[in-house]
Each structure stands twice: as structure tokens, then as C-alpha cells.
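Report on the structure given below.
What follows is calculated from the coordinates using simple rules that are stated; it is not laboratory data. Everything numeric in this text was worked out from a predicted model, so none of it was measured. Cβ placement follows ideal geometry from the backbone for every residue including glycine, while neighbour counts extend to all protein chains displayed.
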Amino acid sequence: MPNKPGLQCPVEHLVKPAVAPAMSSQLQFPITSLQTLRRSLKQQLVLPMCEHAPTSDVEDMAEPDSLASLSNLFRKGGIIHDEGSTPNANGRWFISTVDASTALKQLPGIGLKPNYGLVTYLYRIRRANTNHGSSVTWAMANQLSTTSNLEAALTTAADHNTPPYPEGALSNYMTAITGNLTAGSFLIASILQRELQEFGRCGKFHRWEHHRLIGSVPQQRQWRWRMAQPKSLTPTVHKLSNGKTAVEFYPCRIVPPIGIFHHIDRYPANSYVAKASDQAIAAVTRKAP
């Protein structure tokens, strides 16, 4: 798959390893490119205020018949949902008008399979004048993304632990991702997967939002290592002889409990669906009383 036009130079560098020794299956990538990628995704994966912090004011408009027309209505200045899918902060799931697949259009080396789209459901509650919210994103064939099918899934949803699951949705949205299978494309896939998982969350439901990608140990704090300190925290892709790929990188959690984590995503051959593992490897040393 050729690189897509319109990319900024730092993001394009993700498909070019910083270190690529001859006959080596281990490729390292600059942390600045990974940080640029994440920043770009976050800038594109943004909810309108009426969904991030819902109100009860909804303008009367014609009922849309698909996710695409739902998004068009929002761009025209208003949307309408039926009683079950109206944006609310009362703990009822509703459908987002944001098409998260637009965030993939400028990614080098990977993209969404033809005739597939992404749909996101949101869950909002308001406690002590603060918005908290969960979300879930599904990949599904475009012909199944009708409003009636998407809203039918709302009838089986419950609290934030029981999100809507529309008929025909893939169990993992990364199954709908295709690409050129280069080392850089797998590294991009690892960040994309986490940003899509975090998309739509707010308040106490934030997870990945509290982590920052790092390429070296932050010097502002004292660290207590739970294992031998890694010699390098540079993002690394391991291309294995059996066709499998492993992506390795390190984020730092910036809110308590503050710590450094080691992430490894293991990809089978010819697939962007990873088996992910993460482990806290260092914690902030507490000051003596």
C-alpha cells in the first residue's frame, strides 16, 4: 500500500527506521515521530461539545437513515435522535455522529478495508458537576451501518460495562485494518488501537489519556525499578522469521500512581490484530517522612 498524500514530514518518518542494521530483524524508530502521530490522531478524534457534555436541547430534524447522514446532519448544524439515542448525561448509551475512520485517511502504510466503517457509542454521566464517560467503537460493513441497526443495539445495552453491540460488528475493530505489513505500519497500528479505544472517554473513565510516550527515563523524578532498567526506551519493532511481528514501546503514566510501563504488542503473520501486554516496570520513589 503506497503512502497517502498530505502527510506531515515527522509522521512520514514512522515508516523509516532510525536504526536498521544489515541482516537485523530489530528496527528502532524516533520517539518524536511516534509522539507526532499520537498528537495528530488526538486532534482528529474529537467529539462535538453536545456529545462530550450533552444537554437536553435537541433541534427537531428529519430522522437520518445511516451513520453517514447522521454525520452530515451534525455538520449542517443539528442532529436528531429518537428517545433511545439522544445525547444525554443520564447513563444511557447513544450513537456518536463522529466518523472515527477519518483519522485513518492520512496514516502511512495502513488504512480501513474497503466497504468498512467505524461507529462509536458513548456513555455519559454527570457527578458533582463533572462529566464522566465511557465509549466503545466497532468496525462494521457499510451496508450494516443503518441508523435502525445501530439503534437496535441500544435496547440490549445497560451500564458502562454492557455497551451496545450492533448486529454484524466485528469483535475487534483492528480486524478491519489493512496495510503494507512494514515495521512502521505495525508501530502505527499499536498507537491507533489505543487511541481508538480511548476515543470518547472522559473523567474517571480515562485510561490511555494519562500516559505519555517516552524515549528515555524522565529525569524530573526518582524511580524505583521493579526489574533491571532497560538499556533503551526507544520504540522498537521486531520482525520475526516466522512472519510474526512484535512492537515494543514505553509510556509514562503522569497521574497517580505515576509509573513507567513496558508495552509489547505481538502480531501474527499478515494481521493487525495484536495480543497486547503491558507491565509497570518503575514507580516514583516516595519521599522519606
message: At 7 Å along Cα-to-Cβ for each site, give me the label-to-label distance between Asn270 and Asn131 in nm.
response: 4.4 nm
field: Among the listed pairs Lys105/Lys239; Lys42/Lys204; Lys105/Lys244; Lys42/Lys105; Lys42/Lys239, those beyond 23 Å (Cα-Cα)
entry: Lys105/Lys239; Lys105/Lys244; Lys42/Lys239
query: For the pair Gln219 and Val46, how long in nm is the line joining their label points, each one 7 Å along Cα→Cβ?
result: 3.4 nm
- prompt: How long are the three semi-axes of the equivalent ellipsoid for region 211-289, computed from the Cα gyration tensor as the root of 5 times each eigenvalue, in whole Å, largest first?
  reply: 29, 12, 10
task: Report the percentage of all Cα-Cα pairs in region 138-289 whose separation exceeds 27 Å, rounded to a whole percent.
output: 39 percent
message: Please rank Trp208, Trp138, fewest neighbouring Cβ atoms within 10 Å first, as an exposure proxy.
response: Trp208, Trp138
Cleavage-rule hits, chymotrypsin sites (Phe, Trp or Tyr not before Pro), region 221-251, DSSP coil, Cβ neighbours within 10 Å at most 14: none
